[in-house]
Each structure stands twice: as structure tokens, then as C-alpha cells.
Amino acid sequence: MAQSYITSGATVATMAEGAEGYGLIEDAALAVEDDKVRWVGPATDLPAAYSGLERHDDTGRLITPALIDCHTHIIHGGNRAREFEMRLNGARYEEIARAGGGIASTVEETRAASEADLLAAALARADVLISQGVAAVEVKSGYGLDVETELKMLRVARAVEQRRPIRVVTSYLGAHAVPEGSDADDYINHVCLPALEAAHAENLVDAVDGFCERIAFNTAQIGRVFDMAQALGLPVKLHAEQLSHAGGTALAAQYGALSADHVEYATHADAAALAASGTVAVLLPGAFYTLHEKQTPPIQAFRDHGVSMAVATDWNPGSSPLGSLLLAMNMACTLFRMTPAEALAGTTCHAARALALTDCGVIAPGMRADLAIWDVTDPAQLSYGIGINPLHRRIFGGHE
Ligand code: DI6
Ligand code: FE
């Protein structure tokens, strides 16, 4: 449906590459035509060609690119509140995982859930993100660990995009955990790789992910998954250096990964490798917070090496039951000492890079009109508020 309008009076944070900080334009005008931004700049410079369009007054508001949550596990069965209680009684995440709890318990519930039930729960979670100005979300499989359930999760992810005004980017995370009673190498060879081929054949996979950790898979095993991803022409990403230094970040960089995620235990050498490969470091303060971790990611090394940093919820039932990307931004600032400008870049332009999306994440002519309009005056307010949702309205592909 063709539509054209101008919004004027707001402050626009373009988040454009090369712009200082937020790339702010005060008292801006922004022209939308069909699903794209056509023009943005100071209202006084609006070209005459656009001046006759329908006008929306957003004086006193802030317009940013719509937010992008570039790392989630929003498709899953059940919840892990019991495990939360166990951790409060002193059990550690890794101990629970080794004792067959943790990811394995979500696997059981996800296998048992019908596709319709998984979809209903995922749609409810997508609605929460949409209500906070999110217009694109990455969704992982990884709670199936068998061919059938991995495919079921990815089909549900595609269905979310059909049912809601949100873009969904899928990641195949077959290498998430070793199923109970299996050998890790056997699982990779006989389940994980065949499931990847089957999922790719159904066009269900946008990227391939893994969990490189002592409680999951080592670099050699992840390397085999990445080799198949490469053979299929799929980009890779990795849960790396979350609980220990296991070498995942260097491996991710070696494969030119889109992102290395968590990276609390990454080193200076890892930061240099990420910079060289153009891999985004995705920071997940919700998991750090939930697990009471102490090791913060090497933010200053990422800055020094010029590594792009993204911020995401990691919304999952175990280590990060966090349904707020705005709260993730706040945590990134308070817990990791990122600046509010870095946090907003982390949920807009850098998150887009982490998902290989080239038409969103910044406000510029020709980009998709995916916008978030906030009842705030200063962009730092988005990271500063705790549990506050100042969204006024969201525009998705030009549509309000
Ligand atoms: N790291 C995480 O934070 C999630 N997966 C992963 O590899 C946690 C998944 C879970 O605990 O269910
Ligand atoms: Fe995760």
C-alpha cells in the first residue's frame, strides 16, 4: 500500500556510520515514502518536493532506528523458575547443566510441545519486544537437539514473521548442548549436521550458531559445523567465551563470523582477531546478571581495536529470562560500563551488522522506514531508565 508522510519537529538519532555519537539532528523532518525513508535533515532544509505530504507533529520526541534484538532464544517450551531457585540456594549453572538440568530440561519441554503451543508462546514474546520498539529479532533453534524438533523450532520462527510485523532472522543452533546419553562427536555427525542440511533444504536457516564451552562443544566440533555452514553458503556466529576461555572467539574470527556472542572471557588477542575479521561482539548482560558472573567483557579492548559492539537480550528460559531490550541496554551501561550511545548503537546499527541486515539499523535515505518514536528528549534516557518503556509508537516498513 503506497503511503507518504512527513514527521517533523522531533530530534532524530540517525545512528549513521561516521556520525558522532548518535548522529543527532534537532528539529528534524523525516520523509517516508512507501516502506522507505526518503529524506531526513533539519526541518528548515526540507526540499519543496516533500513539503506537501501529510505531516505528523512529533515535537518534543526522539526518533531512532527501530531496535533490533540480535540474539534470542524466544522459541522454547516451559520455564526454569525451579532452576532459578536452585541457583539461589547455591547451585551453579554449570553444575545444574552437568546434572541433566539446564538446557536439557528445556529440550525435554520443547520436544513435548506442539508447534501451535510453541508458536503461541513465541508470538507473545515477540509482542513484548514489538511493544518496546523492536522491528527485527534473531531467533535460534537449539532446544530440539534432534532433527525433528530443530526443524519444528525453525518453522515456528518463520511463522512468527508471517503473523507479526517484525522481521525474524533465524539461526540454526544444533550445536547448543550434547543430548543426555549421547557422545558429542556422534551427536555432531549423526544429528547436528544432518539436521542442518535438512533445515537448509527447507530454507529455514539464515545463519549457523554454536555453543563453544566446556559444558557444550569444543573448537574442533564447532569447526565441523562451521565447515558445513560454509559449504552451504551460510554465515556463522558463535556463543563464545561465556563461562571460560575456550577458544571460540578466535575460531569465529577465523571463519569470518557475523558475531561472537557473550565474550566475557575474550582476551586482547581475541579483540584484535574480531576487528580483523569484522566480526561483531554481541554483549549479553542479561545472562551475566542472571548467573551472577564476575568476569565482564573486555569493553575497552573492543573499543581500542575498533570492534563493533552489539547488545541483545539473549531471551532464554535459563540464563537470561529477559524480555526487555531497553533493560539490556541499561545493564550494558551499568554492568559493563558501555556508554548510552554505545548501547543504542548496539541495538540498532551494530545489531543490524550482526545479522547481516543492510537496509535497517540507521536512519538514512533509501533505508527501510523501521523507526521507533520515543517520549524522551535525550537519547541517553533510553539506557538510563530501568523498567520504563517510553515508546510512543513504532513504524514498521513505513506503516504505523
Ligand atoms: N548460552 C546462553 O546464555 C544460552 N545458551 C547458551 O549457549 C542459555 C541457554 C539455557 O540456559 O537454556
Ligand atoms: Fe544465547
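Would you please put 165-175, 18-28, 85-95 in order of how densely packed they are, using the mean number of other Cβ atoms within 10 angstrom per residue and starting with the highest?
The most tightly packed comes first, giving 165-175, 18-28, 85-95.
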In whole Hz, what ³J(HN,Hα) sequence does segment 337-344 give by Karplus (6.51, -1.76, 1.60; θ = phi - 60°), x for Gly and Pro? 6, 6, 8, x, 5, 5, 5, 6
Under the rule of -39500 (n - 2.57) per DSSP H run of 4 or more residues, summed and divided by the residues of the chain, what mean residue ellipticity at 222 nm is obtained, to the nearest 500 deg cm²/dmol? -10000 deg cm²/dmol
For segment 212-251, what relative contact order do you get, as a whole percent, if you take Cα pairs closer than 8 Å and at least 6 residues apart? 53 percent
Which percent, nearest 5, of DSSP beta bridges in segment 1-113 are antiparallel? 70 percent
With springs only between Cα atoms under 10 Å apart, run a GNM on the chain and tell me which of 135, 312, 97 wobbles the most. 97
Where both partners of a DSSP beta bridge lie in the chain, what percent of those bridges are antiparallel, to the nearest 5? 45 percent
How compact and how long is segment 20-98, expressed as Rg and Dmax of its alpha-carbon atoms in Å? 23.6, 66
Stretch gain in nm, segment residue 393-residue 81, where the contour uses 0.36 nm per residue and the Cα spacing is subtracted: 109.1 nm
Can you work out the accessible area per residue across segment 1-158, with the rest of the protein chains kept in place, probe 1.4 Å, in square angstrom? 41 Å²
Sequence-distant residues sharing a close amide H with residue 174 (under 5 Å, placed H): 209
When a/c is below 1.5 the answer is rounded, else prolate if a/b is larger than b/c, else oblate, so apply that to the chain with a ≥ b ≥ c taken from the square roots of the Cα gyration tensor eigenvalues. prolate
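Out of every Cα pair in segment 11-56, what percent are spaced more than 15 Å from each other?
Working: 468 of 1035 pairs.
Above the 15 Å cut-off, segment 11-56 has 45 percent of its Cα pairs.
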Pull up the cross-link candidates among the lysines for residue 152, meaning alpha carbon to alpha carbon under 17 Å and not fewer than 8 places away within one chain. 140
Which percent of the accessible heavy-atom area of the chain goes to carbon and sulfur, probe 1.4 angstrom? 51 percent
17 Å Cα-Cα reach of residue 36 towards aspartates and glutamates, excluding residues that sit fewer than 8 places from it in its own chain: 54, 359, 370, 400
Amide H contacts of residue 168 (H built 1.01 Å from N, under 5 Å, at least 5 apart or other chain): 137
Could you calculate the contour length gain from residue 230 to residue 3, that is, 0.36 nm times the residue separation minus the distance between their Cα atoms, to one decimal place in nm? 77.7 nm
Provide the per residue accessible area, probe 1.4 Å, for segment 328-384, rounded to a whole number of square angstrom. 32 Å²
Centroid-to-centroid separation of segment 71-100 and segment 273-288 [C-alpha atoms, Å]: 24 Å
How big is the Kirkwood radius of segment 219-351, worked out from every pair of different alpha carbons and given in Å to one decimal? 14.6 Å
Please list the non-local residues whose amide H lies under 5 Å from the amide H of residue 259, H modeled 1.01 Å from N, same-chain partners needing a gap of 5 or more. 238, 280
Simple label model, 7 Å out from Cα along Cβ direction - residue 19 to residue 34, nm: 2.4 nm
Whole-angstrom gap from segment 331-400 to segment 187-228, using each part's C-alpha centre: 31 Å
Between residue 158 and residue 214, how many nm apart are label points set 7 Å from Cα along the C-beta direction? 4.0 nm
Apply the Karplus parameterisation 6.51 cos²θ - 1.76 cosθ + 1.60, with θ equal to phi minus 60°, to every residue of segment 365-376 and state each ³J(HN,Hα) to the nearest whole Hz, in sequence, with x for glycine and proline. x, x, 7, 4, 7, 9, 10, 10, 10, 10, 8, 9
Which percent of Cα pairs goes in each bin when the distances of segment 316-400 are cut into 10 angstrom slices starting at zero? 17, 44, 35, 5, 0
Let me check against my output: what whole-number percent is the relative contact order of the chain, with C-alpha pairs under 8 Å and at least 6 apart? 20 percent
List, in order, the whole-Hz ³J(HN,Hα) value for each residue of segment 238-248 obtained from phi through the Karplus relation with A = 6.51, B = -1.76, C = 1.60 and θ = phi - 60°; use x for Gly and Pro. 8, 6, 10, 6, 7, 10, 7, 8, 10, x, x
Springs between alpha-carbon pairs under 10 angstrom, Gaussian network model over the chain: which of 269, 177, 281 fluctuates most? 269
Label residue 185 and residue 378 with points 7 Å out from Cα along Cα→Cβ: what is the distance between them in nm? 5.8 nm
In terms of the Cα gyration tensor, with a ≥ b ≥ c the square roots of its eigenvalues, is segment 82-150 rounded because a/c is under 1.5, prolate because a/b exceeds b/c, or oblate? oblate
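The values are calculated or read from the model by the stated rules, or taken from the named source; none is laboratory data. These numbers were taken from a predicted model, which means no experiment stands behind them. Quick reminder, even Gly has a Cβ in these numbers, built from the backbone with ideal geometry, and neighbours come from all protein chains shown. Ligands, DNA and RNA are stripped out before the accessible areas are found, and what is left, the full protein with its side chains, is counted by its heavy atoms. Shrake-Rupley method; radii C 1.70, N 1.55, O 1.52, S 1.80 Å.
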